[in-house]
Amino acid sequence: VFNFFSELGIPVGRKVNQEILVPKWLLRASMQEKAEFLAALFGADCMATSQSNKWGGDFNCIRLSFNKAQQLRTEGLKYAQQIKRLLSDLGIKVSQIKEREGNIRVDKTVSIKLVITLAKSVENTITFLKKVGYRYCIEKEITGNQWLYYLKARQNVLNERRKLRIKTLQLREKKGWVKHRIAKKLGITDWQVGGWIYYNQGTSLPWSFPH
């Protein structure tokens, strides 16, 4: 097994103290192979998708971080850009790659921490969890799937409400219906219709949806 993965470019030894790059063959590989590589990487070196302290339905940014010896800063940044490229190939956006202070290791190596942050949007997070997610860590896999199902359900509800808003504006513009008639026709509240036709409000989740 070791010989097999060595030929594919697996790093041997402490990753902090050596140059590590994504193998050239993987950059040219299929979308499925790229996704599997990233899933294993995020499963090992990324925190599980987590709930924000702001409100229940909000989530924290997904971040992947790794340490690199200061003298290998350039190589570390190149590796981070390669990971960004793999994510981009799968339609996943990275908002930033940031350098932070690392630590002094037992062997006296001074390191830096490189952090790759995925763009925080529902669409981008769904794409990541659907196409990549986490491998080889059951807890992260379960948590990731729970967030995927929740966010997809949330998007479905929002999409349906956007359709209702469009129908509301059409009934108002083309037929001149008042809000009470529109609300009764579409099965929604008067105040929601009023917000759309009088104040040009956007769509949001109903209070009944779990936040």
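Below is a table of values for the structure above.
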{"read-out": "Accessible surface, per residue, of the range 105-169 when the full set of protein chains is kept, probe 1.4 Å, Å²", "value": "55"}
{"read-out": "Estimated vicinal HN-Hα couplings, Hz - the range 164-169 in sequence order (Karplus 6.51, -1.76, 1.60; Gly, Pro = x)", "value": "5, 5, 4, 4, 4, 5"}
{"read-out": "Hz values of 3J(HN,Hα) by residue in the range 66-83 - Karplus curve (6.51, -1.76, 1.60), Gly and Pro given as x", "value": "8, 9, 8, 4, 3, 5, 10, 4, 4, 5, x, 5, 5, 4, 4, 5, 5, 5"}
{"read-out": "The range 1-116: relative contact order as a whole-number percent, Cα under 8 Å and 6+ apart", "value": "26"}
{"read-out": "Under 5 Å, built H, 5+ apart or other chain: amide partners of residue 95", "value": "117, 118, 119"}
{"read-out": "Calculated [θ] (222 nm, deg cm²/dmol) that DSSP helices of n ≥ 4 give over the chain, each run adding -39,500 (n - 2.57)", "value": "-15000 deg cm²/dmol"}
{"read-out": "Reach of residue 54 by Cα under 17 Å, taken over lysines that are not fewer than 8 positions away in the same chain", "value": "120"}
{"read-out": "Under 27 Å from the Cα of residue 184 - lysines, other chains or at least 8 residues apart", "value": "163, 167, 174, 175"}
{"read-out": "Partner aspartates and glutamates for residue 34 [C-alpha distance under 16 Å; skip if fewer than 8 residues away on the same chain]", "value": "89"}
{"read-out": "Positive-end residue of 43, 60, 198, charge dipole of the chain with Cβ unit charges", "value": "198"}
{"read-out": "Cross-link pairs 68/131; 68/108; 68/93 - those with Cα-Cα distance over 18 Å", "value": "68/131; 68/93"}
{"read-out": "The range 129-211 - Kirkwood radius from inverse mean 1/r over Cα pairs (Å)", "value": "14.8"}
{"read-out": "Contact order relative to length of the chain, as percent, for alpha carbon pairs under 8 angstrom and 6 or more apart", "value": "19"}
{"read-out": "Hz values of 3J(HN,Hα) by residue in the range 198-207 - Karplus curve (6.51, -1.76, 1.60), Gly and Pro given as x", "value": "9, 10, 6, 6, x, 9, 8, 5, x, 4"}
{"read-out": "Net dipole in debye of the range 1-141 [+1 Lys, Arg Cβ; -1 Asp, Glu Cβ; about Cα centre; nearest 20]", "value": "360"}
{"read-out": "Fraction of accessible area attributable to carbon and sulfur, the chain (%, probe 1.4 Å)", "value": "52"}
{"read-out": "Long-range tail of P(r) for the range 70-114 (Cα pairs > 14 Å, %)", "value": "55"}
{"read-out": "Over the chain, volume per residue of the alpha carbon convex hull, in Å³", "value": "166"}
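The values are calculated or read from the model by the stated rules, or taken from the named source; none is laboratory data. The structure presented is a predicted model; accordingly, all values stated were derived computationally and were not measured. Counting neighbours? That spans all protein chains shown, and the Cβs are built from the backbone with ideal geometry, glycine included. Heads up: the accessible areas ignore ligands, DNA and RNA and are worked out on the full protein's heavy atoms, side chains in. Shrake-Rupley method; radii C 1.70, N 1.55, O 1.52, S 1.80 Å.
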